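No value in this document is a laboratory result; all are computed from the given coordinates. Just so we're clear, the structure is a prediction, and the values are computed from it rather than from any experiment. Please note: Cβ atoms are built from the backbone with ideal geometry, for glycine as well, and neighbour counts cover all protein chains shown.
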Amino acid sequence: MRETDILILWDSSAQRGLVAPLARTIATIFMLPTDIGESPLLLTGYNSSRHQYDAGSILTCLDTFRRRHRISALTLLILSHDIFIPDYSHVFGLARPTSGSAVVSSSRLSNGWYGLPDDAGELLDRLIKEGAHEVGHLLSLGHCRTATCIMYSPESIDDLQRKTQAFCGYCQSILDSRRSGICAQTYDLPGKGQISGPSP
């Protein structure tokens, strides 16, 4: 894989039927080659008192796997387990721009979490928006104040619903500039991690 590729790893517990359309849409949004595969990771960071996984621990596990297998592609892990970071009740996703790794949980993106009938179309739409948001962080994009932009940071599922599967003009211009200049520096970006989810 080239350094400009995107790799989407799908945890075996997540809905497999959505991975192909998710990957196609992510590839279209970023205009970058996107591959998919089943995740071989043994997850770490489970907190039994919260019944959640620590998103930071998952990213460290993913980083180790990528180094061991010399995977240079920007890597997005999709899993069904609920995730959190310290001081937050939960997060929809977390990105680590310094290493090129990101994780998204489908748990709270599903209607079932809110006691509503399951809807695969709505879940796919939310996964696309959240997945693209985290990949945007990996490409050095920050949060945006435009509520419909991919890079807007949602604090609720309603916020996520209002977003579109597109960048605002400003973020798109930054992405275009960044993409045209992608090189071996892709992962040498500032910041310990970019979160998407509710405020603490």
(request) Would you check which residues across the stretch 10-35 are crowded, with 18+ Cβ neighbours inside 10 Å and farther than 10 Å from residue 78 by Cα and list them? (result) 18, 22, 23, 25, 26, 29, 30, 32, 34
(request) Give the residue, chosen from 42, 74, 79, 94, that is loosely packed, with under 15 Cβ neighbours inside 10 Å and hydrophobic (A, V, I, L, M, F, W, C). (result) 42
(message) Just the residues that are surrounded by fewer than 16 Cβ atoms within 10 Å (Cβ to Cβ) and either hydroxyl-bearing (Ser, Thr, Tyr) or outside any helix (DSSP H, G or I) (or both), please, taken from the stretch 61-71.
(response) 64, 69, 70
(request) Those residues that are buried (at least 16 other Cβ atoms within 10 Å of the Cβ), aliphatic (A, V, I, L, M) and either in contact with a strand residue (DSSP E or B) (Cβ under 9 Å, 6 or more places away or on another chain) or free of Cβ contacts under 8 Å to residues at least 24 places away in the same chain (or both), I need them from the stretch 112-140; list them, please. (result) 127, 135, 138, 139
(request) Mind listing whichever residues of the stretch 78-93 are in contact (Cβ under 8 Å) with a residue 40 or more places away in the chain and part of a loop (DSSP other than H, G, I, E, B)? (result) 80, 81, 85, 87, 88, 89, 90, 92
